[in-house]
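What follows is a short report on a single structure.
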Amino acid sequence: MPKSRIRKKKDDTFTPPEKGQTTKISMTSGRRWVAPLMLAMFVIGLAWIVLYYVTQADLPVESLGDWNIVVGFGFIAVGFVVSTQWK
């Protein structure tokens, strides 16, 4: 088998990389409203559904009937949509 070529090493000493500009990461993205609104939507949706079952369909809106469950899940879905804005 032929012998591979040996690379010549440079005799330079180690030079550290130049210091670059550091970027500061802000933990507050300016969207402070996202978490409270998201949690509020989750709680409102859950409370709507629980209230519907506890009052045996008399509350929150009697004329909606079983659609009260859809309204409650709608609030929860809005909470999930709002959560996509959280950074």
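Residues in the stretch 60-69 that are surrounded by 13 or more Cβ atoms within 10 Å (Cβ to Cβ) and part of a helix (DSSP H, G or I): Leu64, Asn68, Ile69. Scanning the stretch 5-39 for residues that are hydrophobic (A, V, I, L, M, F, W, C) and at pLDDT 70 or above, we see that the one that is most open to solvent (accessible area, probe 1.4 Å) is Phe14.
Evaluation of Gly79 against the conditions (1) in a helix (DSSP H, G or I); (2) open to solvent by 30 Å² or more (accessible area, probe 1.4 Å) shows that the sole unmet condition is (2).
In the stretch 40-59, of all residues being open to solvent by 40 Å² or more (accessible area, probe 1.4 Å) and outside any helix (DSSP H, G or I), the one that is modelled with the lowest pLDDT corresponds to Leu59.
The values are calculated or read from the model by the stated rules, or taken from the named source; none is laboratory data. All values derive from a computational prediction rather than experimental measurement. Counting neighbours? That spans all protein chains shown, and the Cβs are built from the backbone with ideal geometry, glycine included. Remember, those area values only see protein heavy atoms, side chains included, never the ligands or the DNA or RNA. Shrake-Rupley method; radii C 1.70, N 1.55, O 1.52, S 1.80 Å.
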